Amino acid sequence: MSQTISASDWATERGKKWRDQLSGMEAMIHPVTAPLVDALALDRPLRVADIGCGGGGPTLASSRLAAAGSAVHGIDISPDLIEMARARANTASGEIAFHVANVESASPPAAPYDRLASRFGIMFFDNPPVAFSNLASWLVPGGRITFAVWGPPANNPWMTSFREVASQVVDVPPPDRDAPGPFRYAGEDTLLGLLADAGFDDLEVQHWRDTISLAGGLPADETADFALQSFSIGDALAKANEAALAAVRHLLIQRYAEHERDGAVRMDAHVHIVTGVRAA
């Protein structure tokens, strides 16, 4: 059983699964969008790219807040998610566009960007040094980055609870923290070193801590079903026998019920919001 999710997984089955659960997933992580976009400093007409844009949530938020004359583009490796993002953008104002691309290998845009944002998209690069170096070439000198990644597992029980519960029923090997995955940059020093090597300066980390509504605000039993259908460990559990799956679901409902208030399961979350600029 593995939680490693590569770029190729997002281009295929993982992207489709996220698309199918887009409403709940977007509602769950939406609170991170505001501090991410605020850190972009959209203070004049700018060219902005949202890396690993998924269903386009931060892209659309950036477009709404960008100054008149700005261009905002969403870029993702998943054709399914880009199709969904384009459908959501039909009613958006301003210049907004979505593109399917692998930023590890894609050529720089014809006109460089002034800002690069990513809400949890940079954690899944197959080759981070290559990806970050390529992204640096997409920016004008002095152009700004704002990347959100998950903080330490101990501060994100909304995610780790599933693994803890599942390990009571089936064998769950420890995740490889250096492989693509949600806690790859839980220790922010690793990410800061990669960005510095890629040519970014003035690197800073802001810490966002709050509670999030799992599945966007569902009761414990429905949240458990959402987690089984949406979280990466659920993919592996799908291969378990029915008795094991039922046992995990029962324990997961019990765990989530401890955090249910007014019909919604809310649990702690911790995000690193990393900012910097491309060296001149």
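Counting only protein heavy atoms and a 1.4 Å probe, the range 97-235 has 39 square angstrom of accessible area per residue. Label zone (L65, point 7 Å along Cα-to-C-beta; backbone nitrogen cut-off 14 Å) within the range 13-46: 30-44.
With the cut-off at under 18 Å, measuring from each backbone N in the range 226-258 to a point 7 Å along the Cα-to-Cβ line of E13 picks out 227-242, 245. Under a model in which nothing but the beta-carbon of Lys, Arg (+1) and Asp, Glu (-1) is charged, the range 149-280 shows a dipole of about 180 debye around its Cα centre. When a 1.4 Å probe is rolled over the protein heavy atoms, the share of accessible surface on the range 1-153 that falls to carbon and sulfur comes to 54 percent. With both labels modelled 7 Å from their Cα along Cα-to-Cβ, the H207 to S137 distance reads 3.7 nm.
Taken along the Cα-to-beta-carbon direction at a fixed 7 Å, the label points for Q229 and D171 span 3.1 nm.
Using C-alpha pairs under 8 Å with a sequence gap of at least 6, the mean separation divided by the residue count of the range 55-127 gives a relative contact order of 32 percent. The figure for V140 is an accessible area of roughly 40 square angstrom, using a 1.4 Å probe on the protein chains alone.
For V205, tell me the accessible area in Å² from a 1.4 Å probe, rounded to the nearest 10. My reading of the accessible area for V205 is about 40 Å². When only the Cβ of Lys, Arg, Asp and Glu is charged (+1, +1, -1, -1), the dipole of the chain relative to its Cα centre reaches about 480 debye. Across the accessible surface of the range 222-280, with the other protein chains kept in place and a 1.4 Å probe, carbon and sulfur atoms take up 49 percent.
Classify the range 168-226 from the C-alpha gyration tensor, please: rounded if a/c falls under 1.5, else prolate or oblate depending on whether a/b exceeds b/c. The shape class here is oblate.
Residues considered: A71, A117, A238. Largest GNM mean-square fluctuation over the chain, using C-alpha springs under 10 Å, is found at A238.
The values are calculated or read from the model by the stated rules, or taken from the named source; none is laboratory data. All figures in this text were calculated on a predicted structure; none of them were measured in a lab. Every residue, glycine as well, gets a Cβ built from its backbone with ideal geometry; the counts of neighbours run over all protein chains shown. Calculation scope for accessible area: heavy atoms of the full protein, side chains included, ligands and nucleic acids excluded. Shrake-Rupley method; radii C 1.70, N 1.55, O 1.52, S 1.80 Å.
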